[in-house]
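The values are calculated or read from the model by the stated rules, or taken from the named source; none is laboratory data. Fair warning: this is a prediction, and the values are worked out from it, not measured in the lab. All Cβ positions, even for glycine, are placed from backbone atoms using ideal geometry, and neighbour counts span all protein chains on display. Areas reflect the complete protein model, heavy atoms only, side chains present, ligands, DNA and RNA absent. Shrake-Rupley method; radii C 1.70, N 1.55, O 1.52, S 1.80 Å.
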Amino acid sequence: MNEQTKEGIVKIFLWITGIISVFVLLSIIFYVFVNGVGVISLEFLTGKPYRFEYGGILPQIVGSLFLITICLLFAAPIGIGSGIYLAEYASDNLFTKIIRFFVETLAGIPSIIIGMFGLAFLVHYLFGFSVLSGGLALGFMILPWTVRVSEEAVRAVPKSYREASLSLGATKWQTVWNVVLKSATPSIITGVLLGIGKAIGETAVVLLTAGSGLEAFLPISIFDAVGSLPVYIYMLATQGHTSAAFDRAYGASLVLITMFLIINLGALFLRNYLIRRQR
């Protein structure tokens, strides 16, 4: 077998793996769409749940958005700041290696463990079942993701940018703020938004810290318990024994997938917009 034949086989294999990946994703979306689109209506999107498997999902949609907002406000500043420190200021010593080790370890911890920590610490000792507890616990989950994405984005900025800024008399922080961050912002924002997209579908963490998922009221403060779409879907799929329950679980799943796709498309468009502005 000559090298040209081997190259062709590798290309065909990679093409098949790509097709399989897209097929699996589209199959899931198609299956959820077919089973859930019949439930979608104005009443379903704007109503409140009642008698377990009836009513709408407005409190769950609003609750999911509240949780993601708290998660973003907590994890983004800390994660981006940590990433900048590790990329620009930290020396290559034992302390820095320990920080990176714990960041990578936290990224690998199962979400149920983070949920148990949130239940034991945030719920029992601080805020109870609430928007704040759920949002912070989700923030713990995506924090290492945000740190790693920010560090890699800052490191990817060419050194010549820094050298040019410093040669013009700018300080280290002025160079980081005006040059490095400006170039790294598209990648950082994209990474953070993709992390949010991951968090919006999390079930275990939210179930243990925010509420039962079937709350029929809108939260009026961050200390109120709150429903969320993932927990609502989980409850209907595991404890609902009627066709109405499964129909609403698929309908809520379709809404959740739509929110996830909107976040991902938003990240894509925002990244492209910022890249065009830099040119």
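Computed from phi, the 3J(HN,Hα) profile of region 212-228 under the Karplus parametrisation 6.51, -1.76, 1.60 (θ = phi - 60°) reads 7, x, 10, 4, 9, 9, 8, x, 10, 8, 6, 9, 8, 5, 8, x, 8 Hz, with x in place of Gly and Pro.
Fully extending the segment from W15 to T46, taken as 0.36 nm per residue of separation minus the present Cα-Cα distance, adds 6.8 nm. Between helix 229-239 and the chain there is an angle of about 40 degrees, using the helix long axis and the longest principal axis of the Cα atoms. Normalising by residue count, region 151-271 has a Cα convex hull of 139 Å³ per residue.
Surface analysis of region 88-242 yields an accessible area of 49 Å² per residue, using protein heavy atoms and a 1.4 Å probe. For region 78-92, putting each phi into the Karplus relation 6.51 cos²θ - 1.76 cosθ + 1.60 with θ = phi - 60° gives couplings of 5, x, 5, x, 5, x, 5, 4, 5, 7, 10, 10, 6, 7, 7 Hz, in residue order, rounded to whole numbers and with x for Gly and Pro. In this Cβ point-charge picture (+1 for Lys and Arg, -1 for Asp and Glu), the chain has a dipole of about 780 debye about its Cα centre.
Within region 49-116, the percentage of alpha carbon pairs spaced more than 17 angstrom apart rounds to 65%. Protection proxy ranking for 17-29, 65-77, 153-165, using the average of other Cβ atoms within 10 Å per residue and placing the highest first: 65-77, 153-165, 17-29. The Cα atoms of region 203-250 define a convex hull whose projected area, averaged across directions, is 3.4 nm². Report the one residue of G108, L86, P219 whose Cα lies farthest in the direction of the positive end of the charge dipole of the chain (charges on C-beta: Lys and Arg +1, Asp and Glu -1; origin at the Cα centre). It is L86.
For the chain, which whole percent of the accessible surface, found with a 1.4 angstrom probe, sits on carbon and sulfur atoms?
Values: 10840 of 15480 Å².
Carbon and sulfur atoms account for 70 percent of the accessible area of the chain.
Between 0 and 90 degrees, rounded to the nearest ten: what's the tilt of helix 3-36 against the longest Cα principal axis of the chain? So the inclination is approximately 30 degrees.
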